[in-house]
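Colleague: Sharing a structure, written as structure tokens. Questions coming.
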């Protein structure tokens with residue numbers, strides 16, 4: 001009997017672990033993201049920080065875009081990251097220098113998923129430009145949507161060295177959640193944006209599978225006990 005309980009416990013642990021890994025979805029790998037839906041539920045711990053560009057500062061082509069991102073996600077899963085130039089199409093930004101998971105202080109299976117990204121922007125014309133980096137989740141259902149939980153925008157200038165430029169201002173280049181509701185991509189036809197759920201809210205199916213696995217294992221344990229007591233009862237005294 002004791003050996004049976006040990007075996008059932010080991011099987012239960014392996015089953016829950018395998019389900020937790022298998023059911024965590026991964027973000028779809030698509031070239032463009034959108035339509036963009038900005039959602040914020042308060043201080044969720046999500047942020048995007050552009051580290052290579054500053055507001056109202058002049059740069060020369062080619063321009064390197066670098067950014068840091070932190071998202072609170074289920075079991076530390078990753079997320080979609082995109083960037084938009086001058087309110088245009090949101091391009092998928094998949095060139096990451098590093099990714100890491102910080103599960104210290106995690107609550108309910110939600111960990112900090114951290115990424116550092118770097119990519120070269122296409123050649124930009126001289127003058128003022130605006131770039132926005134988004135982090136969130138792209139849904140491929142009907143309708144398709146890119147639910148953004150954090151973003152950052154920088155307005156900068158592209159010019160040649162001999163061109164005159166206004167004195168740069170050291171305005172902070174980051175925008176942390178919670179964020180105001182905006183319509184960030186004018187080139188796309190989108191409804192007025194309203195506050196929506198953060199990414200982890202729609203990633204609950206894995207937890208359902210884990211709960212189902214627990215129920216199955218408990219049923220298996222009950223069956224073992226039932227067979228044991230039935231055989232014990234059938235033995236002659």
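Colleague: Which of 29, 102 has the fewest other C-beta atoms within 10 Å, and how do the rest follow up to the most?
Modeller: Working: 29 9, 102 13.
Least to most surrounded, the residues fall as 29, 102.
Colleague: Relative to the present Cα-Cα distance, how much length would full extension add between residue 32 and residue 104 at 0.36 nm per residue of separation?
Modeller: On the way: separation 72, 0.36 × 72 = 25.92 nm, distance 3.30 nm.
Taking residue 32 through residue 104 to full extension adds about 22.6 nm, to one decimal.
Colleague: So for 100, 125, fewest C-beta neighbours within 10 Å to most, what's the order? Could you put the intermediate results ahead of the total?
Modeller: Numbers: 100 11, 125 7.
Exposure proxy ranking, most exposed first: 125, 100.
Colleague: Restricting things to Cα coordinates, could you compute the convex hull volume per residue of the range 23-109 in Å³?
Modeller: Hull volume over Cα atoms, normalised by residue count, gives 151 Å³.
Colleague: Something else: Taking the Cα atoms of the range 99-158 alone, what are Rg (to one decimal) and Dmax (as a whole number) in Å?
Modeller: When restricted to Cα atoms, the range 99-158 yields Rg and Dmax of 16.4, 49 Å.
Every number here is computed from the coordinates shown, using simple stated rules; none is lab data. Worth saying up front: this structure is predicted, and the values here are computed from it rather than measured. Ideal geometry is used to build each Cβ from the backbone, glycine not excepted, and the neighbour counts take in all protein chains shown.
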